[in-house]
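Participant: Below are the C-alpha cells for one structure; questions will follow.
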Amino acid sequence: MVIGANLYWQADNSLTERPRGPRMVAVAVAPVTQGPIVDIREFTGSLRASDAFTVAPKISGRIARIHVDIGDRVQRGAIMVEFDDAEFRQAVAVAEASLAVARAELRRAESEAALATRELQRTQQLSQRNLVSEGELDTARARADSQQAAVAVAAARVQEREAALLTEQVRLSYTVVRADWNGGLDSRLVGDREVNAGDTVSANAALLTVLGVERLIAVAYASERDYPLLAVGQTVSVVADALPEREFAGVIARIAPRFQEVSRQARFEVTVTNEDELLKPGMFITVRVEVDRADPATLVPADAVVQRDGRTGVYQIRQDENDDRTYAYFIPVSIGIRDAEQVQILQPELSGKVVTLGQQLLADGSPVIIAQDF
C-alpha cells in the first residue's frame, strides 16, 4: 500500500511539472466584408402645423351658433361661428334711414338750386334791358351761388351717410365668422375650440384654431458637433414614435444661426410631406440625416473594435501553417463611418476574420479556439 501510494504521488508530481504552452482562449469571430455603409445622425423633436391660424372675431358680442368642433374638416369660405346680430341689424336700419333723409335733403337742395338759377337768368335778361337794378342782379346771383353750395353740402352729407351705412353693413358681416386662408388646400381641420354657444367674447378673442396638416414642420435641435453637418435643402427622413414602421420624406427648411445658452443646441426645422395625414401636430419624432456614405467600404462588426493601450484596433484571426493552430493578433486600425452594427476600416487593408467576443482574455498572438468549432 505504501509503495503504491508513493508511485501515484510521483506520477502526479511529474504531470504538474510538465511544461505547458499558452492557454487557448475560446472566441467568437465574424468575417471582414465589403459593402456600403451610411453615416446617419438622429435628432429628436416634435411636429407642428406649417399652416395654422387662430379664428378670432373683429367685434365683441354673444355667440349664437358654432357650426364646427374639434377634428371637423372645414372648407374654405364655410361659416364657422355666428354672433347675435340683432343690435347690428338695427344699426344698419338706422344708417339706411339717415341715408334716405340725406338723399331727400339733396333732392330739395337741387330743386331750390334749379329755381335760383332760373331766377338769376330772368334777372340777367331784365338787367340787359335796364329793368332791374344792379343790386337786384347781385342778390339773384348770390342766392343762386348759395343754393349751389347747399347742393354740394347735401351731396357730401349723402356720401357721409353712405359711408356710415357701409360701416354698419361691414360690422354686420363680422357677425358671421368664416373659414378663410390663402394658398394650400381648400379644406383644413379644426384643431382647438375655445368657446361655446352663448358665451360673450371680446374682439380678437380666440374662438377656434384651424390647421393645415398636408405639410408639417418638424422642429429639432442639433448639438455643436452635428451642427456643421446640416444644410438648408438637405433631404432627411422623419419617423414618429407613434408610427415607427413608416418613414416620411422631409427637407431642412431653416437652421438657426445661434445656439441656446442653456442646452448648447441650435434649432432647425424640416418641412415634412404628410399627404395621407397620418402625422399630427405635437407628435414626438426623430429626424434622420444622412451626412456621409461609403460604397464600397471594408466593414467589420462594431463588437470587433476594441481599445488596447490607447490604440483602436481589432483582433485578426490567422492560421499557423507549422502547428495548425489558430492565433489572434491585434491590428491597430483607422476607422471611418460607424453605425449601430458595423464600422468602416480605412487603414490598413483588412480581410479574413476578426474576433467579436472574448477580446478581454486575449493578448497579441494568443492561441484561440473558435466557438463554433467546439
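Participant: For the stretch 102-135, name all the residues that are in contact (Cβ under 8 Å) with a residue 24 or more places away in the chain, surrounded by fewer than 18 Cβ atoms within 10 Å (Cβ to Cβ) and within 60 Å of the chain's Cα centre (by Cα).
Facilitator: Scanning the stretch 102-135 gives a single hit, 103.
Participant: Of the residues that sit in the stretch 136-169 and are of a type in the set (Val, Ile, Thr) and within 30 Å of residue 89 (Cα to Cα), which one is farthest from the chain's Cα centre (by Cα)?
Facilitator: 153
Participant: Could you check the stretch 101-147 and list, in sequence order, the residues that are of a type in the set (Val, Ile, Thr) and not in a helix (DSSP H, G or I)?
Facilitator: Step one: of the stretch 101-147, the residues of a type in the set (Val, Ile, Thr) are 101, 117, 123, 132, 139.
Within the stretch 101-147, just 132 meets the criteria.
Participant: Residues of the stretch 303-320 being in contact with a Ser or Thr (Cβ under 9 Å, 6 or more places away or on another chain) and either outside any strand (DSSP E or B) or assigned by TED's automatic domain parsing to the domain that holds residue 229 (or both), which ones?
Facilitator: 303, 304, 305, 320
Participant: Find the residue count for the stretch 80-91, including only residues that are assigned to a helix (DSSP H, G or I) and surrounded by fewer than 16 Cβ atoms within 10 Å (Cβ to Cβ).
Facilitator: Going through the stretch 80-91, the residues assigned to a helix (DSSP H, G or I) turn out to be 86-91.
Among the residues that remain, those that are also surrounded by fewer than 16 Cβ atoms within 10 Å (Cβ to Cβ) are: 86-87, 89-90.
Looking only at that region, the number is 4.
Participant: So in the stretch 170-206, with the set limited to residues that are hydrophobic (A, V, I, L, M, F, W, C) and under 21 Å from the mean Cα position of the chain (by Cα), which one is nearest to residue 73 (Cα to Cα)? Can you show your working first?
Facilitator: Pass one, the stretch 170-206, residues hydrophobic (A, V, I, L, M, F, W, C): 170, 172, 176-177, 179, 181, 185, 189-190, 195, 197, 201, 203, 205-206.
Pick out the ones that are also under 21 Å from the mean Cα position of the chain (by Cα) and you get 181, 185, 189-190.
Details: 181: 14, 185: 12, 189: 4, 190: 6 Å.
Residue satisfying both the conditions and the ranking: 189.
Participant: All but one of (1) at negative phi; (2) assigned to a loop (DSSP other than H, G, I, E, B) hold for residue 166, so report the exception by its number.
Facilitator: The number of the failed condition is (2).
Participant: Moving on. Tell me, please, whether a residue that is free of Cβ contacts under 8 Å to residues at least 40 places away in the same chain and either crowded, with 16+ Cβ neighbours inside 10 Å or in a loop (DSSP other than H, G, I, E, B) (or both) can be found in the stretch 203-213.
Facilitator: For the stretch 203-213, residues free of Cβ contacts under 8 Å to residues at least 40 places away in the same chain and either crowded, with 16+ Cβ neighbours inside 10 Å or in a loop (DSSP other than H, G, I, E, B) (or both): absent.
Participant: Against the condition surrounded by fewer than 16 Cβ atoms within 10 Å (Cβ to Cβ), modelled with pLDDT of 95 or more and not hydroxyl-bearing (Ser, Thr, Tyr), how does residue 26 come out, does it pass?
Facilitator: On the way: surrounded by fewer than 16 Cβ atoms within 10 Å (Cβ to Cβ): yes; modelled with pLDDT of 95 or more: no; not hydroxyl-bearing (Ser, Thr, Tyr): yes.
Criteria not met by residue 26.
Participant: Also, I was wondering about something else. Under 6 Å by Cβ, and 6 or more places apart or on different chains, what pairs join a residue from the stretch 52-79 that is over 19 Å from residue 197 (Cβ atoms) and at pLDDT 90 or above with one that is among the small types (Gly, Ala, Ser) and not in a loop (DSSP other than H, G, I, E, B)?
Facilitator: Hits for this filter: 73/187; 75/187.
Participant: Please determine, by comparing only the residues of the stretch 31-59 that are hydroxyl-bearing (Ser, Thr, Tyr) and surrounded by fewer than 19 Cβ atoms within 10 Å (Cβ to Cβ), which one is farthest from residue 281 (Cα to Cα). So that I can check it myself, show each step before the final result.
Facilitator: We begin by selecting, within the stretch 31-59, every residue hydroxyl-bearing (Ser, Thr, Tyr); these are 33, 44, 46, 50, 54.
Of the ones still in play, those that are also surrounded by fewer than 19 Cβ atoms within 10 Å (Cβ to Cβ) are 33, 44, 46, 54.
On the way: 33: 43, 44: 15, 46: 8, 54: 15 Å.
This residue is 33.
Participant: While we're on this one: From the list 99, 106, 126, pick out the single residue that is more than 30 Å from residue 179 (Cβ to Cβ) and either of a type in the set (Lys, Arg) or at pLDDT below 90 (or both).
Facilitator: 126
Participant: If you don't mind, there's one more thing I want to ask. From the residues in the stretch 286-342 that are of a type in the set (Val, Ile, Thr) and in contact with a Lys or Arg (Cβ under 6 Å, 6 or more places away or on another chain), which one is farthest from residue 228 (Cα to Cα)?
Facilitator: Within the stretch 286-342, the first condition is being of a type in the set (Val, Ile, Thr), and the residues that meet it are 286-287, 289, 291, 298, 300, 305-306, 312, 314, 317, 326, 331, 333, 335, 337.
Right, trim to in contact with a Lys or Arg (Cβ under 6 Å, 6 or more places away or on another chain) and you get 289, 291, 317.
Values: 289: 12, 291: 10, 317: 39 Å.
Within the stretch 286-342, the match that is farthest from residue 228 (Cα to Cα) is 317.
Participant: If you don't mind, there's one more thing I want to ask. Within the group 254, 264, 258, which residue is closer than 20 Å to residue 40 by Cα, among the basic types (Lys, Arg) and in the same structural domain as residue 220 (by TED's automatic domain parsing)?
Facilitator: The conditions single out 254.
Participant: If you don't mind, there's one more thing I want to ask. Return yes or no: is residue 63 hydrophobic (A, V, I, L, M, F, W, C), in a loop (DSSP other than H, G, I, E, B) and either under 32 Å from the mean Cα position of the chain (by Cα) or buried (at least 16 other Cβ atoms within 10 Å of the Cβ) (or both)?
Facilitator: no
The values are calculated or read from the model by the stated rules, or taken from the named source; none is laboratory data. Because the structure is a prediction, the values reported are computed rather than measured. So basically every Cβ, Gly included, is an ideal-geometry build from the backbone, and we count neighbours across all protein chains shown.
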